[in-house]
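Can you keep this structure in mind? I'll have questions shortly.
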Amino acid sequence: MSFAEKITGLLARPNQQDPIGPEQPWYLKYGSRLLGIVAAFFAILFGLWNVFSIITLSVSCLVAGILQMVAGFVVMLLEAPCCFVCFGQVNEIAEKVESKPLYFRAGLYIAMAIPPIILCFGLASLFGSGLIFGTGVVYGMMALGKNKHIFLVRNYI
C-alpha cells in the first residue's frame, strides 16, 4: 500500500461518494480536509488563549476567543465528525454540508474566520483564524475548478 493510499484511507469517510469530484487531485481533496482539522485544533487552542486575556480586562478579546473556539469546533465537526462520536446528529450535519457546493463551505469558513481577527487583532487570533481562512480559500479554489485555480496560481505567482 502506497503512502497516498494510506493517507486517503485515513481521511476518507465510510459509505460516502466523492462530493468534490474526480477532476480534483487527491492531494487537494485530502489536503484541504487535513488543513481544516489542523486549523480547527489551533483555532480552539488559540481561542482559549484569547479567552484567558480577560486577565487584562480585554472584553473584545474574550468575545473573539469564544467566537474563535466556536469556529474551531464547527470546522472540526464538518471536517472530522469522528471526533464527536458521542453526538448522534453530527454525521447528519456533516453529510448535509458535504452535499452542498464547495463554495458554500468556503464562504462559511471565511465568514467564521473574520470576526475574531477584527475584534482582537493579535498573533493568537491571526494564526488561529487565519488557518480557518486559509482552509476556506483552498475550498474556494477547489470550487473554481481544476483549470481555473491553476490559471490563478500561474498568473499571480
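Carbon and sulfur atoms: what percent of the 1.4 Å accessible area of segment 30-155 do they account for?
Carbon-and-sulfur percentage of accessible area, whole number: 77.
Can you list the chymotrypsin sites (Phe, Trp or Tyr not before Pro) in segment 74-150 that are in a DSSP coil and have 16 or fewer other beta carbons within 10 angstrom?
87, 121
So, one more: With a 1.4 Å probe and every protein chain left in place, work out the accessible area per residue of segment 30-155 in Å², rounded to a whole number.
Value returned for segment 30-155: 55 Å² of accessible area per residue.
Using only the Cα atoms of segment 30-155, build the gyration tensor, take square roots of its eigenvalues as a ≥ b ≥ c, and label the shape rounded, prolate or oblate: rounded if a/c is under 1.5, else prolate if a/b is larger than b/c, else oblate.
Because a/c hits 1.5 or more and a/b fails to exceed b/c, segment 30-155 counts as oblate.
Grab the beta carbon distance between residue 70 and residue 92, set R0 = 22 Å, and tell me the FRET efficiency rounded to 0.05.
Efficiency computed from Cβ-Cβ geometry: 0.65.
The values are calculated or read from the model by the stated rules, or taken from the named source; none is laboratory data. Every value quoted in this text rests on a predicted model; they were computed, and no experiment measured them. Ideal geometry is used to build each Cβ from the backbone, glycine not excepted, and the neighbour counts take in all protein chains shown. Areas reflect the complete protein model, heavy atoms only, side chains present, ligands, DNA and RNA absent. Shrake-Rupley method; radii C 1.70, N 1.55, O 1.52, S 1.80 Å.
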